[in-house]
1. Select from the range 60-89 the residues that are over 25 Å from Tyr284 (Cα atoms) and open to solvent by less than 30 Å² (accessible area, probe 1.4 Å) and list them in ascending order.
2. For a quick check of your reading: which helices (runs of 4 or more DSSP H) sit entirely within the range 184-303 and have at least 3 residues that are open to solvent by less than 20 Å² (accessible area, probe 1.4 Å), farther than 24 Å from Leu146 by Cα and in contact (Cβ under 8 Å) with a residue 40 or more places away in the chain?
3. If you go through the range 125-139 one residue at a time, how many are open to solvent by 20 Å² or more (accessible area, probe 1.4 Å) and out of contact with any strand residue (DSSP E or B) (no Cβ under 9 Å at 6 or more places or on another chain)?
4. Take the residues in the range 174-224 that are of a type in the set (Val, Ile, Thr) and closer than 24 Å to Leu127 by Cβ, then tell me which one is farthest from the chain's Cα centre (by Cα).
5. Can you tell me which of Gly264, Gly277 is under 16 Å from Phe246 (Cβ atoms) and either touching a helix residue (DSSP H, G or I) at 6+ places or on another chain (Cβ under 6 Å) or among the small types (Gly, Ala, Ser) (or both)?
6. Can you go through Ala247, Ala168, Ala239 and tell me which one is of a type in the set (A, V, I, L, M) and more than 29 Å from Thr70 (Cβ to Cβ)?
7. Here is a list: Val274, Val245. Which entry is in contact with a Phe, Trp or Tyr (Cβ under 6 Å, 6 or more places away or on another chain) and over 30 Å from Leu61 (Cβ atoms)?
8. Among the candidates Leu39, Leu9, Leu4, single out the residue that is in contact with a Phe, Trp or Tyr (Cβ under 9 Å, 6 or more places away or on another chain) and either on the phi > 0 side of the Ramachandran plot or open to solvent by 40 Å² or more (accessible area, probe 1.4 Å) (or both).
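The values are calculated or read from the model by the stated rules, or taken from the named source; none is laboratory data. All of these numbers come straight from a predicted model, not from anything done at the bench. Here the Cβ positions follow ideal geometry from the backbone for every residue, glycine too, while neighbour counts run over all protein chains shown. Surface areas here come from the heavy atoms of the whole protein model, side chains and all, with no ligands, DNA or RNA. Shrake-Rupley method; radii C 1.70, N 1.55, O 1.52, S 1.80 Å.
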Amino acid sequence: MVRLKDIALRAGVSVMTVSKALRDAPDVAEATRARIQALAREMGYVPDAVAQGLRTRATRLFGVIIPAVTHPVYARILLALEERTHELGYDLICAHTLNLLEREEYAIRRMLSRRVEGLFLCPVPRLQGEARIYQELAASQTPVVLLGQPPPHCEQFPSAAGDDVTGAYLATRHLLELGHRRIAFLAGPIAAPWAQERLEGYRRALREEGIEPEDRLLFPGGTTIEDGVHAAQHLLTEAPDATAVFASNDLTAIGCGHYLLEHGVRIPQDISLVGYGNTLAAEYFRVPLTTLRQPKRRLGNAAMNLMSRLLRRQSAESIRLPVTLAVRASTAPPRTGPLRPSS
């Protein structure tokens with residue numbers, strides 16, 4: 001690695017002069033500054049960000065903690081954050097929790113040890129009303145912006161999220177307007193605020209139509225394609241009279257749809273299917289999926305706007321972004337007669 005001392009020897013000046021020239025200090029002659037900067041480029045000098053951070057106590061680092069970068073929703077949010085981070089002259093370091101509490105605690109402490117100047121965080125769902133690690137995070141005074149609805153144990157931090165109650169309401173209203181009355185719901189993790197809000201929107205739409213939600217039409221859907229497959233297995237045996245399925249996210253909808261199609265259930269002729277998230281896979285599923293457009297890139301940009309306010313020591317109020325319905329081929333009026341899947 002090329003050091004300031006190496007440049008100083010080539011230039012015939014002191015190390016202090018080289019340091020000042022590379023920082024564009026005003027007390028270095030213009031010709032000397034230009035000669036040193038050209039020599040630094042020629043020698044391949046790269047500033048030591050760690051050393052600079054120790055001197056200035058500014059790391060120019062943001063941290064982001066998400067369930068997994070492979071998840072299509074978080075991948076788009078991360079892309080938006082990285083683009084804005086680059087524009088601001090920061091670097092971004094990422095950690096994954098895989099929705100495990102111990103990994104979340106380790107990731108938060110790791111970010112604090114790296115002295116990130118701001119942290120974007122998608123909390124792991126938990127049933128407890130408080131969490132010590134979040135108390136430590138608040139005590140550190142590190143600016144924090146939550147990605148998604150805040151659970152009770154970290155409501156003190158501002159958040160950027162979609163309007164999940166309205167989104168689920170719109171999806172359910174769409175199915176009701178097509179004529180469906182027996183609409184199954186594949187719920188997300190019970191402790192996740194977004195899953196609770198989507199269930200609330202589903203129930204609200206049914207009750208407005210004078211339909212009391214039935215527990216037998218509620219199935220644990222989880223967050224993965226495999227979870228959707230398992231939910232579809234239970235659906236066929238426990239609620240064969242359902243004419244539509246609303247899944248709380250696209251991945252479970254795709255898993256459910258795949259299983260149904262493999263077992264001779266036609267979509268949408270036999271059963272309509274709606275997802276949530278508008279991931280790329282939803283549009284190119286075997287039957288293009290009706291889903292809610294979740295503002296992923298706008299959510300990332302909104303989160304960065306909140307962070308910018310926090311860094312300027314300004315107040316930052318949580319933001320809810322609207323969602324819209326994308327109607328595709330997976331929804332149609334209900335079938336007449338019983339469902340007869342093939343064996």
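1. If the condition is that a residue be over 25 Å from Tyr284 (Cα atoms) and open to solvent by less than 30 Å² (accessible area, probe 1.4 Å), then Leu61, Phe62, Gly63, Val64, Ile65, Ile66, Leu81, Thr85 are the ones that fit.
2. 225-238, 250-262
3. Selection size over the range 125-139: 10.
4. Here the answer is Ile190.
5. Of the residues listed, the single one that is under 16 Å from Phe246 (Cβ atoms) and either touching a helix residue (DSSP H, G or I) at 6+ places or on another chain (Cβ under 6 Å) or among the small types (Gly, Ala, Ser) (or both) is Gly277.
6. Ala239
7. Val274
8. Within the list Leu39, Leu9, Leu4, the selection yields Leu4.
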